[in-house]
1. Give just the number: which of (1) open to solvent by 20 Å² or more (accessible area, probe 1.4 Å); (2) over 34 Å from the mean Cα position of the chain (by Cα); (3) on the phi < 0 side of the Ramachandran plot; (4) more than 13 Å from chain B (Cβ to nearest Cβ) does A:Ala304 not satisfy?
2. Looking at segment A:108-133, which of the residues that are in contact with a helix residue (DSSP H, G or I) (Cβ under 9 Å, 6 or more places away or on another chain) and under 18 Å from A:Leu576 (Cβ atoms) is farthest from the other protein chains (Cβ to nearest Cβ)?
3. Name the single residue that is farthest from the other protein chains (Cβ to nearest Cβ) among those in segment B:95-109 being in contact with a Lys or Arg (Cβ under 9 Å, 6 or more places away or on another chain) and open to solvent by 20 Å² or more (accessible area, probe 1.4 Å).
4. Can you tell me which residues in segment A:338-395 are in contact with a strand residue (DSSP E or B) (Cβ under 9 Å, 6 or more places away or on another chain) and polar (S, T, N, Q)?
5. Pull out all pairs, ordered by first then second residue, where Cβ-Cβ is under 8 Å, the residues are six or more apart or on different chains, the first lies in segment A:726-738 and is more than 12 Å from A:Leu620 (Cβ to Cβ), and the second is open to solvent by 20 Å² or more (accessible area, probe 1.4 Å) and of a type in the set (Phe, Trp, Tyr).
6. Taking the options B:Asp189, B:Asp197, name whichever one is farther than 24 Å from B:Arg91 by Cβ, in contact (Cβ under 8 Å) with a residue 24 or more places away in the chain, surrounded by fewer than 20 Cβ atoms within 10 Å (Cβ to Cβ) and not hydrophobic (A, V, I, L, M, F, W, C).
7. A:Ala630 - would you say it is at pLDDT below 85, surrounded by 17 or more Cβ atoms within 10 Å (Cβ to Cβ) and under 30 Å from A:Leu740 (Cβ atoms)?
8. Just one of A:Phe213, A:Phe244 is modelled with pLDDT of 95 or more, within 14 Å of another protein chain (Cβ to nearest Cβ) and assigned to a loop (DSSP other than H, G, I, E, B); which is it?
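The values are calculated or read from the model by the stated rules, or taken from the named source; none is laboratory data. Here the structure is a predicted model, which is why all the values come from computation and not from measurement. Here the Cβ positions follow ideal geometry from the backbone for every residue, glycine too, while neighbour counts run over all protein chains shown. Remember, those area values only see protein heavy atoms, side chains included, never the ligands or the DNA or RNA. Shrake-Rupley method; radii C 1.70, N 1.55, O 1.52, S 1.80 Å.
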Amino acid sequence: MASLVPLFLIAGAAVGVEIALTRFFAVASWSEYGYWVISIAMTGFAVSGVVMVLGRGAFLRHARWLLPALPIAMLAVGGAGWIGTTLNGFNTLELQNPATAQAQLANIALYYAALFPFFVLAGLAVSLNFLVHAGQVGRVYGYDLLGAGTGAVLALALMFVLHPFALVPALLPLLAVAAMLAGGARWRVGALAVLAATEAAVLAFAAPRVSEFKPIYAPLNVQDSRVVAERLSPRGVYLLLDNFTERLDTDVSNNAGAMGLPPPPRAYGLYRDGARIAALPMAAPEAAHAPAALDAAAYALLGAPRVLLLGGAGGFRAAEAFALGARQVTIVEPEPLLQEALSRGFGPSPPLAADARLRLSAAHPLRVEGRFDLVDIAGDFLGADEQNRTAYTAEALAGFLARLEPGGLLSVPIGIRELPVHAVRLLATAREALRLAGVAEPERHVAVIRSAWNLRVLVARDPFTAAQVDRLLAFAEERSFDLSYAPGLPAEGREVWNDLPPVSLEATTVDQRGAAQDAVAREAALVLAGTPPSDAFDRSPVTADRPFLSPLVRLPWLGAALKRIEVLPQQEIGLLVNVAVLAQAALLALAVALLPLLARPALRVRLPVLGRALVYFPALGLGFLLVEIAFIEHAALLLGDRSSGFALVLTAMLVFSGLGAMWAGRVRAPGRALLMAVLVALGSAGLVLVGVRGAVLAALDWPWALRAALLVAALAPLSLALGFPFPLGLDRFRKEGAGLLPWAWALNGAFSVVATPLANLLGHGLGLSWLLAAGMACYAAVLFAWPKERP
Amino acid sequence: MIRTRRPLLLGALAACAAPPVLSAQGTGGWTLEAYLAAMRASGRETTLSAPAFAAIQARKTDALRRIEAYLAQRFGAADPAVMRAFAALPREYFHWNYEARANGAANAYESDPKPWGLGFGSALSDYLGQAYMTQACQAKPGHVALEIGTGSGFQAALLSRIVARQYSIEIIERLGSAVGRIFAPLGLDNVETRVGDGFFGWPEVAGGFDIIIVTCAAQYVPPALIQQLKPGGRLVIPIGQPFRRGQFLYIYTRDEDGRVRSRKDVGVYFIPMTGAMMNRPRPAGAGPEG
């Protein structure tokens, strides 16, 4: 019995390289484009299946030398593809300009050209193993999945020690080992030679670099710029910079000079994957600028408050809070490196100084305990960590409201520099939070104060009094801020310091001849009354089931968004990219599905069986990924970051479904086994659907290891069951026609490609529970598509 | 469209006051030899064929027409001073990638205006957007202007054709030191540049500035720049990534009592409404315009 270890290694290398490439894109370019890689990989697998369908006979005849040759080819092609990828001059910013987008589409095509061959060969290698060991489908699938899971873990482990630019070259040797195990002495020598040549070429020609248009570029390249600390992790590459551009970055009034207040102080700049996430203090943090800041608005209404700060900004926020009169401060900082910087310091930046009034809490923002007069979210909180948006859901805000003492306030910031509509969505969320908290008239509990570029929503436990509104007005007037909304204030006719015209996708004209406008003021009253304007932008509240502030553009308005793409900020472009990828994936899936019409003679199956296969395998491809992506989102919240959530879910699902596949290879009654498996899967998924939010919330304060264990425990039975249908199906359909095997593989792959952008659109547009429900529907369809027993 | 006489009068005044255009080139005007000599003098030795040069000059006329129509559509009328500035400057001289040391002159005055990367994270904005920005600055002949973020130098060059003195600061040393050499060979002798931190503005210029342009990545405007803004002056901040088709402009002005106001100019994306034709949809339930 030939060894399946080469298959294990090939699968591991393919998944490892896939994950390494997503990290490359995140560091060199922007992370939204990383999942293209996954799309390219899946496309490669799907096409390999098509090739295998058409050339099955030839592949089987030459299997003896193909088995060691394919990993060697993958090695060479992988190295070349990596070099091509690093040399690609792709500039994602140019996609947003119709005049320059064309050239960038060509660059995207070059990415496909560079990476596609590697994944096609990987798919061929894996499916060849399926063909050669056709009698042990379960065992083969098991090795495949276990190898993939191990590859994921290996890639993650390497991220702690290697820079993302070194990951792919580090993983390629796995392929050499696979070739050496699959062939004889000649192949071993060949494998080593190709490995040496590939790594030499990579060393000589690969030139990965951080895009010159990322925020870190300028600070890194001014005179006397130094990197004073560095940290590698799967979360990102952290760099602490010291140069003259680095200052605490907080929105202070343009009248600060007139008020006699200094600008924000110099600091170190902390960057993660090239984007700035915080300023860290150089010595004890100074806060003389604090009274001029937009953040100070809430403090103007409170005397000596007990403050909960979400986001510590390296210690500056605490200093600001004390400068503004806080008598007690609790800091919650979910970003692990920022937490570490507060408690132990980072590089030359010192930790928080001991202060009896100051407490650094280790709790998760959604599990904070205690009572406060002010819950103050930092201006950079949303940008500091991708998961911090879960604090902006209506449920989370309602939770903070419940922590407030009488007279207490919640202060929530949002940027309005690009699209003011984000603020309106936040207002809708605040209204929903107040409703959840049992407040009868939400419009009396909200005030909105803003500068030209940032806005704060103040949500009060008790209705705002006229005296409070007057104090806010005076605070705003002195600083040239605008009180866009407060109970009792007329929406129009007041002086506006910072003109904010409305931005809409339908209009091509604007009226700017008259007095300054306030687009937020106009909409605030409507939203708080529960009658938001209805146009291209989604103003519905952010909820725990749909914890996403973007995209704002509603899907039916996609055409308008494309026509006015220059008006949209970068995060909205992600939606458009998703749709483009979905369209391409759907075309490919259609092509693969229709393939039998071309290859009918090669397949030799009855039409009803073809029809069933056409439902069975696509549903599997879709269902597995829909469930996986839903779990990744929940895991990201549970574990605190998307990378470890992704890795753990991927590994657990691959490993357990691999075990399930091996088990499936041994069952005596396949039809019954499938029924049991699908029922178990539906049952566990149903449980998750109902209980996930409560379970995640309850577990948020457990030690990381326990949380990871909970995740694995939730995934294990489900994944075990999900491992059954594919090998059972392959085996069953193979009995109908041997040619169905590679076609099934291709279908599965093609529909997996469709699943990722589809899941993104479903999840962001409808909510995570819909994702899980859609996955469950797919597996139910699988059950119905199982061929009836042959007579 | 209401044409007032103000821009025409101002244009006439500007014609009297504008510094001589490209006087250093001599009476021959802008020829291929002049271009190559200026490029050499600026430290960017290059070659360009005669047909390519002629093609660029031919495209320039169309481009100027395009700019004029664009400005007229958005402002009601194109500022003659802005048009003269564009006419006086050879845009091909500014199409240079400083990192790759590559000549992009063949791209100048393209019929589909777009931004071009210059290396070192900088970009030459499309000429329509630059025309808009220049007119939005409302530059006058006696003005003193400051720009933080020299980039290609084209914006500084444009303004220098209208105002009395133009100052420009670039924070990236390799870019700023190279671009600082390109103004003198064109005879733009009222431009002064430096490389360094723009946060403190240019305090040595007594009296401050009528126009300040700053590309701002931070959440706040450097207070020194507000302080160096003359009463009645305009501080213009373009917001948005450099490869978009145009940008939002935040325009800051100071009241007599020192308090700062801001206007968000969206004119690059939204054409101003003319007359009674209000086709912007109102949110349901909103009252009459304030």
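1. Status for A:Ala304: all satisfied but (3).
2. Result: A:Tyr111.
3. It comes out as B:Asn103.
4. Across segment A:338-395, the qualifying residues are A:Gln339, A:Ser343, A:Ser349, A:Ser361, A:Asn388, A:Thr393.
5. Matching pairs, first to second residue: A:Arg732/A:Trp786.
6. Only one candidate qualifies: B:Asp197.
7. no
8. Details: A:Phe213 fails: modelled with pLDDT of 95 or more.
Checking each option against the conditions leaves just A:Phe244.
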